[in-house]
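Here is the structure we will look at.
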Amino acid sequence: MEFLNYYIDESYTPSDSDLIALFRVEASKSVPFREAVAKVASESSNGTWTELTTMKPYIIKLCAKAFYIKKPWVKIAYPLELFEEGNMSQILSSIAGNIFGMKAVRKLRLEDVYWPIEIIKWFKGPKYGINGVRDILKVYDRPILASVPKPKVGLTTDEFTEVAYEIWKGGVDLVKDDENLTSLSFNRFEERVKKMLRLRDKVENETGERKGYLVNISAPYREMIKRAKLVSELGGEFVMVDILTVGWSALQSLRDELEDLGLAIHAHRAFHAAFTRDPRHGMSMKVVAEISRIIGVDHIHVGTVVGKLEAKRVEVETLIRICREDGSSENMKLKFLKKNWNGLKPILPVSSGGLHPGLIPDIIRLFGKDLIIQVGGGVAGHPDGLYAGAKAFRDSVEATLEGIPLEDKARESIELKHALEHWGYLHPI
């Protein structure tokens, strides 16, 4: 199998325009490790299981090359010519395609990617980013606060809006649809968005604060466009998209359409753990976040560490960097390749999943101020109701930013006092 030598060259120095993928490789028992590595590089670029009579010298130059091999970690460089301009689906069909089903590997994980500037230039990136979203909401000195009416599905349109009103009035900036609330028989999209945006205007007049609605438009592509246009016509500023279940192609096309509609994209990552959770197989959440920023979402869920969803601290810290930094050097301890976002706007990480007021200090210590904190059950489950839950959430954030222990703040905030009595500092599982 001498042809596999095309795909390993440890003396190779990648060019600035090469895409570099960091893989964790476990070979099958019957396959030598280096052979498995060569087959990954081959299958993800221009090779197959056997030598080809059509493999001309100029085509050999297009072979991906494994240039760093320190078992189980492998870096593979891909020439820019292997990728179609502006086609993220095609890029992923190459570096994250057939290779995961090959018999030569028992486990394979795409851990990280170095994206050359030439590829980043093919995409629009975020329209708003951190500063643009803050300008929409006029919130500059604290995290942006969000909440989801609970239960996540089952509320009628009128019940949903009643819940939203209490949440907004209690001090939360954004009300968000949950990932599986789209247009259901008891809560139709068009009626809900019309009532919610009218209610948003009412609450803004009553509170003097800007409010937003993260409305879930996830659907077949043409329906998403129809829904986005309605949101824009009614004066909405945000849409929410289940980016992985609708697909990268749909997200990329949607980003183009939303340019003229003036809508920011809230990216929900539902489905990610199906392929990101196993640390030895699939694709990391780092790569999901990187692609999302390149295509152009404005905020994306990244985990909490202390909430109900599985996430290690080092992973969340790395995702925060991917969202907010303009560039960084390689760190193999973190399995993190060099980044240069070429001026792409930084985006807001979203911390969500099993949060309540008692956990807010942990979140702000980890994330700082530039984030969206989403508390769902920790608002709707407050023993005194929704308004109290929202106010306890807001009071917890303000106390943390002021350096006041929550117990001290609770002496003047009965809502926070009752939240702490109810949940304490519980880490949900």
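Worth pointing out:
- Calculated FRET efficiency, Lys29 to Asn5, Cβ-Cβ distance, R0 = 30 Å: about 0.85 to the nearest 0.05.
- Max mean-square fluctuation residue, GNM over the chain, Cα-Cα springs under 10 Å, options Asp177, Asp395, Asp141: Asp141
- Contact order normalised by residue count of the chain, Cα under 8 Å, 6+ apart, percent: 16 percent
- Matching the structure-derived Rg/Rh (Cα atoms, Kirkwood Rh) against the labelled list (1) 0.98; (2) 1.02; (3) 1.18 gives the label (2).
- The chain: most fluctuating residue of Leu145, Leu401, Leu214 per GNM, C-alpha cutoff 10 Å: Leu401
- Taking packing as the residue-averaged number of other Cβ atoms within 10 angstrom, the listed peptides 45-58, 226-239, 381-394 run from highest to lowest as 381-394, 226-239, 45-58.
- Protection-proxy order for peptides 325-334, 283-292, each taking the mean of Cβ atoms within 10 Å per residue, highest first: 283-292, 325-334
- Candidates Lys150, Lys194, Lys339: whichever shows maximal mean-square fluctuation once the chain is modelled as a Gaussian network with Cα springs under 10 Å: Lys194
- Converting the Cα gyration tensor eigenvalues of segment 32-118 into ellipsoid dimensions via √(5λ) gives semi-axes, longest first, of 19, 17, 13 Å.
The numbers here are math on the coordinates, done by the rules we state, and not lab data. On a predicted model such as this, the values are computed, not experimentally measured, just so you know. FYI the Cβ positions are ideal-geometry reconstructions off the backbone, even for glycines, and counts take in every protein chain you see.
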